[in-house]
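Some notes on the structure that comes next.
All of the numbers you see were taken from the coordinates with simple rules; none came from a lab. Everything numeric in this text was worked out from a predicted model, so none of it was measured. Neighbour counts are summed over all protein chains in view; Cβ atoms, including those assigned to glycine, are modelled from backbone coordinates with ideal geometry.
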Amino acid sequence: MSNTPYRTALVTGASSGIGAAIVRRLSESGIEVHALARDAKRLEALASETGCVPHAVSVSDQAGLEALIAGLEIDVLVNNAGQSRTGNITNTTPEDIDALVDVNLRAVLQLTRLVVPGMIERNRGHIVNISSIAGHYAFAGGNTVYHTTKAGVHSLSQQLRCDLFGRQIRVTEVSPARVETEVFGRLIGDMAEAKKRFFDEYDSLLPEDIANSVAFAVLAPQRMNVSFMEVLPTMQVVGGLNFAKKTSVSG
Ligand SMILES: NC(=O)c1ccc[n+]([C@@H]2O[C@H](COP(=O)([O-])OP(=O)(O)OC[C@H]3O[C@@H](n4cnc5c(N)ncnc54)[C@H](OP(=O)(O)O)[C@@H]3O)[C@@H](O)[C@H]2O)c1
């Protein structure tokens, strides 16, 4: 339990990984957590475990989001739902561009737009956006559409602080590097192979590391806004400069 003035939270992408860990962590601190994702079964299991309120809604379902928010007073919005894809701009499909922009960016903007008026009315609120190092850095192997949507989430986080200036509403962006979740398994369509390729030989972050980072910001004293946290595994760095030799450029 804690002394937070926040009574309620809405966490998107709550059925697995980072989102489920955030639901657990915020529930432990005495906040009533509304957990949103598409997988109703997993949300029910999380509800039995944590006491959270499950909402089996897709963030792509605009009418569903509007109906949900109309009936709730949300103090903490955690925009966490996200998807990725393999490939880059040279081989992406129109459908993948639409899906990533829709889930990773459009829905974040829409939910924020829906939740902010209530926060302004109560002069109390906290928006936590889970972006990614992909939104801040270019690196080979990353999906260009994913990078672009996460850069949008970064920009939104920055601009929101200007929009909400002078109010007791905080905006936190948490930008993780590799976290051991289902995201890579979903990406390549094979959980076991993803575990082998991305996790077995690496000391990645765990979902609770990000949940604890979120809790640090949410439970901080009201005078303090943790505006941005970049969270890397100790053994991972972002960087590297590539320069193709004249002889290596073909076509
Ligand atoms: N894992 C990493 O290395 C890493 C690094 C940086 C940033 N991130 C970000 O962290 C966030 C959480 O990802 P994760 O790693 O925890 O992956 P994950 O285990 O695959 O979780 C993704 C969550 O998003 C939900 N989701 C996907 N599409 C949705 C939709 N249309 N409507 C509602 N919910 C939807 C999924 O639930 P349903 O399938 O039940 O809808 C799931 O709960 C994402 O924004 C991701 O980009 C992850």
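Summary table below
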quantity	calculated
Cβ-Cβ FRET estimate between Ala56 and Lys246, R0 fixed at 51 Å, reported to 0.05	0.40
Residue-by-residue Karplus 3J(HN,Hα) for region 92-103, coefficients 6.51, -1.76, 1.60, Hz, glycine and proline x	6, 9, x, 5, 5, 4, 4, 5, 5, 5, 5, 6
Dimensions in Å of region 8-225 - Rg and Dmax from alpha carbons	16.7, 49
Counted charge near Glu193, where neighbours are those whose Cβ lies closer than 13 Å (Asp, Glu -1; Lys, Arg +1)	+1
Exposure proxy order (Cβ contacts within 10 Å, fewest to most) of Leu68, Leu43	Leu68, Leu43
Relative contact order [Cα under 8 Å, 6+ residues apart], the chain, whole percent	19 percent
Per-residue Cβ neighbour rank within 10 angstrom, fewest leading, Tyr137, Tyr202, Tyr6, Tyr146	Tyr202, Tyr137, Tyr6, Tyr146
Charge sum, other residues only, whose C-beta stays under 14 Å from Ser175's C-beta, Lys/Arg counted +1 and Asp/Glu -1	-1
Whichever aspartates and glutamates have a C-alpha closer than 16 Å to that of Lys246, once near sequence neighbours (fewer than 8 apart) are set aside	none
Sorted by Cβ density within 10 Å, fewest first, the residues Phe243, Phe184, Phe199	Phe243, Phe199, Phe184
Degrees separating the helix 107-122 axis from the principal Cα axis of the chain, which is the longest one	30 degrees
³J(HN,Hα), Karplus 6.51/-1.76/1.60, whole Hz, each residue of region 175-182, x for Gly, Pro	10, x, 8, 5, 10, 6, 9, 7
Nearest-ten-degree value, helix 207-218 long axis tilted from longest Cα axis of the chain	50 degrees
Unit charges on C-beta of K, R, D, E only; dipole of the chain, Debye	600 debye
Distant-in-sequence amide H partners of Gly125 (H built 1.01 Å from N, under 5 Å)	Arg170
Candidate aspartates and glutamates - alpha carbon under 14 Å from Lys196, same-chain residues fewer than 8 apart omitted	Glu180, Glu182
Estimated [θ] at 222 nm from DSSP helical runs (n ≥ 4, -39500 (n - 2.57)) normalised by residues in the chain, nearest 500	-11500 deg cm²/dmol
